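Below you'll find the structure, written out as structure tokens, and then a few comments.
The values are calculated or read from the model by the stated rules, or taken from the named source; none is laboratory data. Since this is a predicted model, take the numbers as computed values, not measurements. Neighbour counts run over all protein chains shown; Cβ positions are idealised from the backbone, glycine included.
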């Protein structure tokens, strides 16, 4: 169950290998969370996160095979997670790929792959989770979006547009669930140093997954519906979003 | 499920789901409402038992009264909530011995409106009249007279309980009674109770007011003078700091005797009204540190100006907040919680430390209520036990609140205290066996009355109050 401070007792991560989600879970198990279900395609990275969680807590951590690109299986797997491992109080949708903008630009297959893993799969997952929450009568959702989706940029428009779609979907899904008592948080991190961004030049205001997780925990406790992390990114994006296109295209990141 | 669906038969109907919460409006969950039909309490008991026998395995049930418990003890996600309005058939007052046999859906307000004009008062009333008899039993509620008269269960002579194993008639010496009183609705559905009423000759209260400068002062005053009065409570200003930390307005009360009454009019008149109602648009920031500090200051000065002895009405002494309808909306959509604990006598240092920590927290908190409890009821998981109890409302969803309350819990458990389940919405389930050492006796009896765990609540699931697997 979820308590009056929004702290869940069980959490499922869709995109279970996500380092940011792993850090969020590590903070949740310090509070009321006792059961974690990591759902992802890569058992090696999930095993790694499991051992990290269990080094500091006695939480039970289950691993489930789940692939955001296998969109026909998503509903089945989500239903299975709820029936075999439920009740699930909190669902974190964290999966995604960055792709390689310059080489993917000419590949319809790669563009479709990025859009599927970053948007189509997560949107289907969120919809399956929504249905299960309405059945069980409560629940909370955390969606890892990106500032890249707030204003899509020339330098990473394949990734950015997929996050833009997910961001819009998640915010409005959250609106639709408000009157049902189901709480949704959309998180827009800036540049986060993870495996996904390894080798990329760090953008300004870059931070670690642990820093993002700290902001997310605070937002859950305060029951915010949308946050930027770091907080300053909100103001950066506010300016950037309103720049005329001619100027925006000259911004160097 | 998203559409309102309805299931009907001649004996019951199910409506909803609706979004439900306790008085604190956090947390919330979706649940349906179960209405049982029948010509009277006896017939409804049989119909409810029939419903449980036929549908219980797929329909869990949470007994819900008027929803005045603060947290998740009267909600059940994807389950059925009982409807107190349907349980108002029996109301038999016996003037020969001052007892009332009453259906569980009646509220203390109903009872007072019917019987105060006839010279009788309820044996125990909390800060609101809008609690059902079922809720009063389930939480074994207490009032300002606990140090003299004990809790609601102390004045309950008989209970009728519908559990999956049958319709039971329970008396105070029965283990099933001890599990049901204070049992948070988890042993079954209380359909009817027999309670003792107390005779009064006027509907007025003689109130003695004293203002104190500090927490030490408050503790001393209560220790010295509590026993002289039937009703006693201190309102602590939790936003005062430094030397003023713990400054309070103490009020003591006695039912006014007819011989003390001056002026004309019916000495037993009782007709409280709402003076205002809060609309559901109050923003969460309405209660901020400034506005609440100002309110507390006013309250304290009003106490200082008050005559030492004054005459008040029942409603203004016992239920001042009932005059404002839906006052819980003042805290906005995000809701609030009430933190209430008791620590044994001798743990005054813990009490002072708690007041200090709560005064330092960066959230606005209205006056906290401090009171000394008398002896416990012996019911397995009832809250009151001898010692100091402190209660205060705090807006939820403030950063740092969860950690602060966890720290307070640790202090309280270490000194042998506990938090009140009827107020809780956030305690750690691992502390429950330490706070309620007789929980195993409770579980054993609850499992006997309801082996499959059909009676459950969101709180029971959160805190594993029944067995883990139920």
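Looking at the structure I just gave you, is residue B:42 assigned by TED's automatic domain parsing to the domain that holds residue B:194, surrounded by fewer than 18 Cβ atoms within 10 Å (Cβ to Cβ) and closer than 30 Å to residue B:120 by Cα?
no
In this structure, does residue B:445 turn out to be more than 14 Å from every other protein chain (Cβ to nearest Cβ) and without any contact (Cβ under 8 Å) to a residue 24 or more places away in the chain?
No: the conditions fail for residue B:445.
Based on what the data block shows, is residue B:129 buried (at least 19 other Cβ atoms within 10 Å of the Cβ) and assigned to a loop (DSSP other than H, G, I, E, B)?
It is true that residue B:129 is buried (at least 19 other Cβ atoms within 10 Å of the Cβ) and assigned to a loop (DSSP other than H, G, I, E, B).
Among A:86, A:40, A:16, which is the only one that is within 14 Å of chain B (Cβ to nearest Cβ), surrounded by 17 or more Cβ atoms within 10 Å (Cβ to Cβ) and in contact with a strand residue (DSSP E or B) (Cβ under 8 Å, 6 or more places away or on another chain)?
A:86
Which residue out of A:194, A:184 is within 15 Å of the chain's Cα centre (by Cα) and surrounded by 20 or more Cβ atoms within 10 Å (Cβ to Cβ)?
None of the other options fit; the residue is A:184.
With respect to residue B:134, is the statement that it is part of a helix (DSSP H, G or I), touching a residue at least 40 places away in the same chain (Cβ under 8 Å), in contact with a strand residue (DSSP E or B) (Cβ under 8 Å, 6 or more places away or on another chain) and buried (at least 24 other Cβ atoms within 10 Å of the Cβ) true?
Considered against the rule, which asks whether it is part of a helix (DSSP H, G or I), touching a residue at least 40 places away in the same chain (Cβ under 8 Å), in contact with a strand residue (DSSP E or B) (Cβ under 8 Å, 6 or more places away or on another chain) and buried (at least 24 other Cβ atoms within 10 Å of the Cβ), residue B:134 comes out as yes.
Assuming residue B:192 fulfils every condition listed in (1) under 20 Å from residue B:142 (Cα atoms); (2) out of contact with any strand residue (DSSP E or B) (no Cβ under 9 Å at 6 or more places or on another chain) apart from one, which condition is it?
Answer for residue B:192: the failing condition is (2).
From (1) under 30 Å from residue B:49 (Cα atoms); (2) assigned to a helix (DSSP H, G or I), pick out the condition that doesn't hold for residue B:451.
(2)
Under 6 Å between Cβ atoms, which residue pairs at least 6 apart in sequence (or on different chains) link something in the range B:387-401 that is farther than 16 Å from residue B:335 by Cα and more than 14 Å from chain A (Cβ to nearest Cβ) with a partner that is surrounded by 22 or more Cβ atoms within 10 Å (Cβ to Cβ) and modelled with pLDDT under 90?
The qualifying pairs are B:390/B:368.
What about residue B:418, is it within 14 Å of chain A (Cβ to nearest Cβ), touching a helix residue (DSSP H, G or I) at 6+ places or on another chain (Cβ under 9 Å) and closer than 21 Å to residue B:359 by Cα?
So residue B:418 does not fit the description; no.
Kindly list the number of the only condition in (1) under 25 Å from residue B:457 (Cα atoms); (2) outside any helix (DSSP H, G or I); (3) touching a strand residue (DSSP E or B) at 6+ places or on another chain (Cβ under 9 Å) that fails for residue B:176.
(2)
Out of B:192, B:176, B:158, B:221, report the one residue that is out of contact with any helix residue (DSSP H, G or I) (no Cβ under 7 Å at 6 or more places or on another chain) and not assigned by TED's automatic domain parsing to the domain that holds residue B:354.
That would be B:158, the only listed residue that is out of contact with any helix residue (DSSP H, G or I) (no Cβ under 7 Å at 6 or more places or on another chain) and not assigned by TED's automatic domain parsing to the domain that holds residue B:354.
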